[in-house]
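Undergrad: First the structure, then my questions, so here it is.
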Amino acid sequence: MTNVFSFKRWNSVLAFIILSVSASAQVSDYWMKDGGALFTLGMGYEVMPDTYSSKGFCLDFGVRFYTTNRLFYELTARWGTHDGDKEVMQDASLARIHDQRDCLIGAVGAGYEFFQTQNSLIDIYVKGLLGYGVRKDKYDDYRVGENGHTSITLGCEKSKKGLAAIAGIGLDVRFRQFTFTPSIDVIYVGRKFNTAFKVAVGVFY
């Protein structure tokens, strides 16, 4: 009777250990990033130089391809825009001038998660991307002369295209296959630097 009881007890303990190891392995595999792809959609506030107001918006779509649990390559497409007004004095009266600036970028590069918590629930990454970008400006120009007179030229346009770059740092908060990521990006496009404060949601596939 004692032998039967002991056999059943040790058999139960062994089954519990096997199940625990199996469950632990499944969880570990679930959180592994190596070989996975993360699709993200982000939006936020973009600061541009030479704008007439503090308005700004950005939207981007990106894909990260993980080659290890920390190293990834990223492909992204992003759009930043500003549409605002400014009041200037002209001949002792207020005049409203307008400007609109749009930036479109496609870029590819690499990133690295230099900090991770257990099971990669939270990580902090840095990334650097290079690509091609276009910046288009439509604005009302103004000049203040020596006598204080302001001259306004309506409907000015400029367009610059060429090398674009993105450098960023962000924090991923992960729940199962989903991520929530606040980040800061510095963007070079149209020979000017923009700064974007963004929040993205993502899903691993």
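The values are calculated or read from the model by the stated rules, or taken from the named source; none is laboratory data. What you are looking at is a predicted structure, and each value in this text was computed from that prediction instead of being measured. As a convention, Cβ positions derive from the backbone with ideal geometry for all residues, glycine included, and neighbour counts pool all protein chains shown.
Undergrad: Can you pull out the residues in the stretch 173-184 that are closer than 30 Å to residue 49 by Cα and either in contact (Cβ under 8 Å) with a residue 60 or more places away in the chain or more than 11 Å from the chain's Cα centre (by Cα) (or both)?
TA: Within the stretch 173-184, 181, 183 meet the criteria.
Undergrad: Residue check: is residue 123 in the same structural domain as residue 54 (by TED's automatic domain parsing), out of contact with any Gly (no Cβ under 7 Å at 6 or more places or on another chain), within 23 Å of residue 38 (Cβ to Cβ) and not aromatic (Phe, Trp, Tyr)?
TA: Judged against the criteria, residue 123 is a match.
Undergrad: Go over the candidates 114, 65 one by one and state the one that is among the aromatic types (Phe, Trp, Tyr), under 20 Å from residue 203 (Cα atoms), at pLDDT 95 or above and assigned to a strand (DSSP E or B).
TA: Of the residues listed, the single one that is among the aromatic types (Phe, Trp, Tyr), under 20 Å from residue 203 (Cα atoms), at pLDDT 95 or above and assigned to a strand (DSSP E or B) is 65.
Undergrad: Pick out the one residue from 121, 104 that is over 16 Å from residue 80 (Cα atoms) and either touching a Phe, Trp or Tyr at 6+ places or on another chain (Cβ under 7 Å) or not polar (S, T, N, Q) (or both).
TA: Step by step, each of 121, 104 is checked, and only 121 is over 16 Å from residue 80 (Cα atoms) and either touching a Phe, Trp or Tyr at 6+ places or on another chain (Cβ under 7 Å) or not polar (S, T, N, Q) (or both).
Undergrad: Counting just the residues of the stretch 76-111 that are within 22 Å of residue 150 (Cα to Cα) and among the hydrophobic types (A, V, I, L, M, F, W, C), which one comes out modelled with the lowest pLDDT?
TA: 92
Undergrad: Filter the stretch 87-103 down to residues that are on the phi < 0 side of the Ramachandran plot and either surrounded by fewer than 18 Cβ atoms within 10 Å (Cβ to Cβ) or in contact with a helix residue (DSSP H, G or I) (Cβ under 6 Å, 6 or more places away or on another chain) (or both), then give me how many there are.
TA: 11
Undergrad: Can you tell me which condition residue 24 does not meet? The list is (1) in the same structural domain as residue 200 (by TED's automatic domain parsing); (2) at pLDDT below 95, and all the others hold.
TA: Here residue 24 meets the rest and fails (1).
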